[in-house]
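Okay, structure first, notes after.
Please treat every number below as a calculation from the coordinates, not as lab data. Computed from a predicted structure; not experimentally measured. Here the Cβ positions follow ideal geometry from the backbone for every residue, glycine too, while neighbour counts run over all protein chains shown.
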Amino acid sequence: MARAVLSGTSVSPGIALGKVQKLLPSGMVEERRILPGECAAECAALRQAAARARDELKLASEQVPADLAEQGDIIRAHMQLCQDPKLLGTAERRIHEQHLCASWALSCTVEELCALFHGMDDPYLRERAQDIKAVGRRIQTCLLGCEAARGRTMPHVLIAEDISPADALRLNLRGMLGLVTMEGGPTSHTAILSRSLHLPAVVGVTSLMDMVEDGDFIIVDAVRGCVHVAPDEDEVAQFSARQEEYLAWEHSTRHNAPLPAETLDGVRVTVQANMESPDECAAALGAGAEGAGLYRTEFAYLRASRFPTEEQLFQEYRDVARRMAPARVVFRTLDAGADKMLRSQEALKEPNPNLGLRAIRFCLRHREVFHTQLRALLRAGLYGNTAIMIPMISSLQEVQEVRRLITEVSQGLSAAGIPHRDDMPLGVMIETPAAVMVADSLARECDFFSIGTNDLLCYLMAIDRNNKHVSYLHDPLHPAMVLSLKRVIDCAHREGIGVSVCGELSTDPHGLALLLGMGVDSVSAACTSVPAIKHMIRHLDAEICSELAHSVLASTDAAASSRMVRETLAQCLGEELVFHNTMLQTNG
Ligand code: PEP
Ligand code: MG
């Protein structure tokens with residue numbers, strides 16, 4: 001392995017030193033010889049993966065919409081193939097006789113069977129080769145998920161092409177020191193995942209997977225945004241010292257986390273946590289979060305093998321509401337789609353799911369799914385200080401429809417004598433350019449706004465969230481973004497409602513200074529960012545930020561705006577800037 005420094009984008013701060021473990025992309029084949037003593041474990045992993053693949057298909061078959069019945073037949077045929085004795089038996093024989101790992105044995109068997117079918121005269125049978133290939137790929141993906149079961153839990157830096165929310169569920173978190181991926185940007189789910197796991201992470205390291213192998217030693221510098229491959233002793237010593245320094249600074253921000261976030265001139269800003277599971281309550285409160293400004297509810301749907309029941313959702317929401325009380329929890333309704341696809345959405349095969357039936361659009365189409373969630377939310381409302389928030393709103397009529405549904409659900413619960421809260425505040429996420437344009441009428445219809453800057457910036461700039469080819473356009477200081485933020489905040493305040501920012505922009509010191517200057521009421525970010533955000537707010541002056549926002553709003557050049565913000569921050573933060581910049585660099 002040759003020494004090299006590879007650059008990327010830091011998305012979660014810190015420094016990690018350790019040996020590499022690769023997360024193979026879904027469907028990829030691992031070609032590894034095994035020892036005779038490992039055969040039984042490999043066969044067990046293969047059986048387990050085939051069973052998991054079958055379960056996944058069963059779930060998918062249950063979610064196929066009625067108008068796609070043919071799709072359902074194909075899925076059921078694939079389910080049978082997952083248990084096919086010829087496929088599994090032959091692969092197991094290869095494991096025992098040729099000492100191939102499960103992945104390799106399966107791939108050889110799939111190839112052999114495909115060749116057999118390809119040679120047949122009957123066109124119907126010839127085409128079955130495609131089905132075998134598809135099932136083989138699916139089992140391969142599940143096999144990768146059995147890694148943890150095979151005991152690979154040594155301390156390691158995980159490297160991958162990309163980590164999707166589905167990959168995240170099969171990750172072996174034990175022993176993970178840091179994360180590096182080839183794809184992804186500052187708001188990708190790898191970024192969000194690494195921040196919530198509190199692991200240093202660098203994304204967009206393009207040549208990574210070709211340059212390093214399992215077991216190679218690397219340094220992840222998620223302060224500067226680079227990866228040192230095969231470092232020498234001096235570098236290891238130098239980065240071990242930097243790691244200590246960084247941890248000391250982080251410790252001091254955590255120590256002061258319970259203090260309020262009040263600027264030097266006395267402006268109080270509420271700082272909340274973005275959460276996605278009840279397990280995070282203690283971490284959020286410990287980080288000084290004043291509630292949850294965004295509770296992402298979709299993970300219960302992605303994690304489960306079928307749609308969660310009302311009772312399951314109710315228990316989750318009640319648990320979170322109780323643990324966070326008296327602080328507020330803003331529950332965002334199901335934001336499925338795009339990079340958080342449910343299987344029933346995958347079956348639709350939308351050409352561009354980012355612009356498709358996602359979030360509230362999906363919920364309004366699948367009323368039964370939405371009803372179940374709303375019932376659970378209204379019932380849980382009795383156990384704490386809660387609010388409901390709707391993602392991806394693009395018209396006033398959607399909000400009115402949601403209000404009507406909430407009333408209907410509340411009436412249904414009353415009729416059945418089920419205790420619930422019927423006056424839960426309703427807010428909307430501002431994530432689409434359309435919502436920005438109609439923010440004045442939206443503000444009259446709801447109780448609060450929360451700006452989802454991750455999606456808003458992408459939709460404004462017409463860029464995909466994870467597409468590195470256009471990541472250069474991902475600039476929150478672009479005048480279109482700055483003007484949008486200002487418009488939304490002003491519209492909210494004119495109608496007397498509060499406005500929060502729950503996208504990653506608030507963890508970027510440039511963004512945070514600007515938002516303060518525009519008068520945002522609260523921000524919500526990953527638990528791990530909360531202490532540093534509060535720390536920074538305590539070192540800023542709202543009046544100076546307001547003058548800064550004024551200048552940036554008048555600017556037509558993002559680079560010039562960036563210079564202005566940098567200079568102002570340097571004046572306000574002095575020596576501290578280097579530390580806050582660490583946070584800045586972790587957000588692109
Ligand atoms: C956003 O888009 O800014 C947001 C907070 O929502 P998510 O990241 O879950 O899409
Ligand atoms: Mg969003």
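The figures follow:
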| item | result |
| --- | --- |
| Theoretical gain in end-to-end length, Ile418 to Glu350 [0.36 nm per residue, Cα-Cα removed] | 20.6 nm |
| Two-site FRET efficiency, Leu116 against Ser207, from Cβ-Cβ distance with R₀ of 60 Å, rounded to 0.05 | 0.95 |
| Compactness of the chain - radius of gyration and Dmax, Cα, Å | 25.3, 82 |
| Gap separating the Cα centres of the stretch 416-442 and the stretch 309-326, nearest whole Å | 20 |
| Normalised contact order of the chain, rounded percent, pairs of Cα under 8 Å and 6 or more residues apart | 16 |
| Contour minus Cα-Cα distance for His371 and Glu235 (0.36 nm per residue) | 43.3 nm |
| Spacing of the two label points (7 Å from each Cα toward its C-beta) at Leu483 and Arg538, in nm | 3.9 |
| Relative contact order, percent, the stretch 433-588 [alpha-carbon distance under 8 Å, six or more residues apart] | 24 |
| Where a label projected 7 Å from the Cα of Ala434 along Cα→Cβ would reach, residues of the stretch 317-354 with amide N under 15 Å | 354 |
| Ranked Leu355, Leu426, Leu457, Leu100, criterion: other C-beta atoms within 10 Å, fewest first | Leu355, Leu426, Leu100, Leu457 |
| Likely footprinting exposure, Lys468, Lys86, Lys534, fewest C-beta neighbours within 10 Å first | Lys86, Lys468, Lys534 |
| Separation in nanometres of the label points that stand 7 Å from Cα toward Cβ, at Asp339 and Arg322 | 3.4 |
| Whichever lysines have a C-alpha closer than 27 Å to that of Lys534, once near sequence neighbours (fewer than 8 apart) are set aside | Lys486 |
| Relative contact order, percent, the stretch 239-355 [alpha-carbon distance under 8 Å, six or more residues apart] | 22 |
| At R0 = 30 Å, FRET efficiency that the Cβ-Cβ distance of Ala2 and Ala44 yields, to 0.05 | 0.20 |
| Likely footprinting exposure, Met437, Met424, fewest C-beta neighbours within 10 Å first | Met437, Met424 |
| Pairwise label distance in nanometres, Asp73 with Glu408, each label 7 Å out on the Cα-Cβ vector | 3.4 |
| Along the chain, longest interval not containing exposed GluC sites (Glu not before Pro), exposed being DSSP loop plus at most 12 other Cβ atoms within 10 Å | 214-588 |
| Flagged links, alpha-carbon separation over 24 Å, of Lys58/Lys340; Lys19/Lys133; Lys133/Lys468; Lys86/Lys133 | Lys19/Lys133; Lys133/Lys468 |
